[in-house]
Amino acid sequence: MKRALILAAILGALVGLAFLVARPHVPDPASEPYLGLRGASRAKAAGLAIHFRRGDAEQPVAPGTVLRRGDSLRFVVRGERPRTLEVRMRDGAAAPATIFPVGARETPLVKPRETLPIAPVIGAGGTTVVVTALFSDRPRPVGADAEPDTEVVTLAIAKE
């Protein structure tokens, strides 16, 4: 009987210790802002697949791609779920401009694999084209600074 009581006390202490050790960590929102879904695949992370058309041929923009004056771009949304999107582009020395959405006050909802209804043409001058996509879980004003819960994806593409 004495051994059964000792065993019950030890097992009770182990269960109590397990509850103490296994309690979840709750992050402080001020020091650890929201970074998106946990455990999500980076292969399907939010971003843009960019294709360029030169003449009659269309090709995807790859790490070694060099754009030329007159090339037109096509953007396809990547991601795991629908989100709101704003796309800004800076071509050479020109000032950055919002190219999607055109004429809207708030960012629209886009779905994965959706082709954006824009086709900007590369202009003369400069050595890079910088495309910035701002993904958010809720609509935000177009042209506003990125909020802490906004995912910013920036792509720099070389240019002749």
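Report the longest stretch of the chain that contains none of the trypsin sites (Lys or Arg not before Pro) sitting in a DSSP loop with at most 12 other Cβ atoms within 10 Å. If you can, show how the numbers build up before the last one.
Working: sites that count: Arg38, Arg68, Arg105, Arg113.
Longest gap between qualifying sites, sites excluded: 114-160.
Placing +1 on each Lys and Arg Cβ and -1 on each Asp and Glu Cβ, with no other charges, gives the chain a dipole about its Cα centre of roughly 580 debye.
Put simply, the C-alpha atoms of segment 80-139 give a gyration tensor, and the ellipsoid matching it has half-axes of 24, 12, 10 Å, longest first. Restricted to Cα atoms, the chain shows a radius of gyration and a Dmax of 24.6, 91 angstrom.
Rolling a 1.4 Å probe over the heavy atoms of the protein chains gives segment 77-123 an accessible area of 56 Å² per residue.
Ignoring any ligand, DNA or RNA, what whole percent of the accessible area of the chain comes from carbon and sulfur when the probe is 1.4 angstrom?
Working: 6330 of 10530 Å².
With neighbouring chains kept in place, the figure for the chain is 60 percent.
Rounded to the nearest 10 degrees, the inclination of helix 2-21 to the longest alpha-carbon principal axis of the chain is 20 degrees.
The values are calculated or read from the model by the stated rules, or taken from the named source; none is laboratory data. Values in this document were obtained by computation on a predicted structure and should not be read as measured data. No Cβ is skipped: glycine too gets one built from the backbone with ideal geometry, and neighbour counts run over all protein chains shown. Protein only, heavy atoms only, side chains kept; ligands, DNA and RNA dropped before computing areas. Shrake-Rupley method; radii C 1.70, N 1.55, O 1.52, S 1.80 Å.
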